[in-house]
Amino acid sequence: MPNDAVVRTGSLSSNLNLEGGPSEVSVDLHSLSSDQTFRDRYIRDRMFRNSPVAVFTVNGLAELPQEFFDGRTFTSQVTGFLNVNGADFPLTFDLEVRIDGDVLNVLGRTEFTWDQLRIPVRNVRNIVSVEDEVSVQILLVAEPG
């Protein structure tokens, strides 16, 4: 019976440039945790041992539509590069963006395969099997400093 492994972290940082310059989101990969200690150790010690931080960089964000300024949610896509394990990989996120007063909420979703990132997956026959498809959701909540 297949199970989806859910891995979470709150260790995100970002630099969002709404005026056309580069923006980036960094994730501390060593802080990823799940319901399995074995999985967490494998992620930390094997998959991302030499590269504890992944950085997604976008050269420039598209102009914000009027919905943004009216407080309504708008959808968009953003394409950039994910730097992980010392290499850059193209990646596109589907976005839902809304501003509530002074708070900016950005929900990003993407899918990729481990093969696209050149990360080998470990399978233990009849015990553990890892699918190649990965779904990622990132929620950024930004407030003025």
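The values are calculated or read from the model by the stated rules, or taken from the named source; none is laboratory data. What you see is a predicted model; the values in this text were computed from it and never measured. Here the Cβ positions follow ideal geometry from the backbone for every residue, glycine too, while neighbour counts run over all protein chains shown. Remember, those area values only see protein heavy atoms, side chains included, never the ligands or the DNA or RNA. Shrake-Rupley method; radii C 1.70, N 1.55, O 1.52, S 1.80 Å.
Computed over all pairs of different Cα atoms, the Kirkwood value for the hydrodynamic radius of the chain is 16.7 Å.
How do Arg46, Arg98, Arg41 stack up against each other in accessible area, from largest to smallest, with a 1.4 angstrom probe?
Details: Arg46 150, Arg98 85, Arg41 110 Å².
Putting Arg46, Arg98, Arg41 in descending order of accessible area: Arg46, Arg41, Arg98.
Test of understanding: what is the full-extension gain from Ser13 to Asn105, defined as 0.36 nm times their sequence separation minus their Cα-Cα distance? Show your work: numbers first, answer last.
Details: separation 92, 0.36 × 92 = 33.12 nm, distance 1.39 nm.
Full-extension gain reported as 31.7 nm.
Give me the net charge for the shell around Gly60: Cβ to Cβ below 14 angstrom, other residues only, Lys and Arg +1, Asp and Glu -1. So the surrounding residues net to -3.
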